[in-house]
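Below is a structure I'd like to ask you about.
Derivation of every value follows stated rules applied to the coordinates shown; laboratory data play no part. Computed from a predicted structure; not experimentally measured. Here the Cβ positions follow ideal geometry from the backbone for every residue, glycine too, while neighbour counts run over all protein chains shown.
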Amino acid sequence: MYEGAVQDLIDELGRLPGVGPKSAQRIAFHLLQAEPADAQRLADAITRVKATVRFCARCFNVSEAEECRICRDPRRDGRVLCVVEEARDVVAIERTREYRGRYHVLGGAISPIDGIGPDDLHVRDLVRRLDDEPVDELIIATNPNVEGEATASYLSRLFAPLGVRITRLASGLPVGGDLDYADEVTLGRAFAGRRDVRG
């Protein structure tokens, strides 16, 4: 236990997701040893992001403008909408350079244990978008875990009557993985999602 400002810094860093007590302590002491200009740049970046960054009014991705750059881009295919849990999922999909449609960020996943239901997410906004925009395909790209599957199932049932094509990202074995390390669910999905190989 440290005193004063050092302990306050460790406590605040420890509140960040994925940062445990030891990591918080390491980061705090790194900042103590850093040049004042380096620490000030970090403080300025945090202040600036809190002051200027918001969520896109259309898709709820992070943005510094009313709409994010993806929603403003006329080259994106507005007929295909990819539904993700968090804004960081948009970045992961964009890195693949495989997808040229638009996004809708839910802001989480349905989790009854945590008290999170559809009304706590941007589901109503998605309903409005599907009413207002000519969407042909809805790609559900929630995480392949219990919460993500519950969210995907809910959205599929909700939008099935609209006649829009609803797809789910395939899941299975990672490249470079060994079969004997795969869990049963992953291996089962790999079999269910198998496709023809043309030689």
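Fewest Cβ neighbours within 10 Å first, please rank 166, 46 accordingly.
Fewest to most other Cβ atoms nearby, the residues stand as 46, 166.
For the chain, find the longest principal axis of its Cα atoms and tell me its angle to the long axis of helix 146-159, 0 to 90°, nearest 10.
40
For the chain, restrict the atom set to alpha-carbon positions and state the Rg and Dmax in Å.
Cα radius of gyration and Dmax of the chain are 21.0, 68 Å respectively.
Continuing with this model, one more query. With an 8 Å Cα cut-off and a minimum separation of 6 or more residues, compute the relative contact order for the chain in percent.
Value for the chain: 13 percent.
Let me ask another. Suppose we look only past 15 Å in the calculated P(r) of the stretch 23-85. What percent of the Cα-Cα pairs does that tail hold?
Counting every Cα pair in the stretch 23-85, those more than 15 Å apart make up 67 percent.
What residues have an amide H closer than 5 Å to that of residue 116, excluding those fewer than 5 places away on the same chain, when H is modeled at 1.01 Å from N in the peptide plane?
HN-HN under 5 Å from residue 116: 111.
While we're here: Rounding to the nearest 10 and keeping the result within 0 to 90°, find how far the Cα-based axis of helix 123-132 lies from the longest principal axis of the chain.
Taking the Cα atoms of the chain, the angle to 123-132 is about 50 degrees.
Which loop-located trypsin sites (Lys or Arg not before Pro) does the stretch 114-199 contain, where loop means any DSSP state but H, G, I, E or B and the Cβ has at most 11 other Cβ atoms within 10 Å?
For trypsin sites (Lys or Arg not before Pro) across the stretch 114-199 that sit outside H, G, I, E and B with at most 11 neighbouring Cβ atoms in 10 Å, the list reads 194, 195, 198.
OK, next. Can you list residues whose amide H is under 5 Å from residue 140's amide H, if they're 5+ apart or on another chain and H is modeled 1.01 Å from N?
Under 5 Å from the amide H of residue 140: 83, 167, 168, 169.
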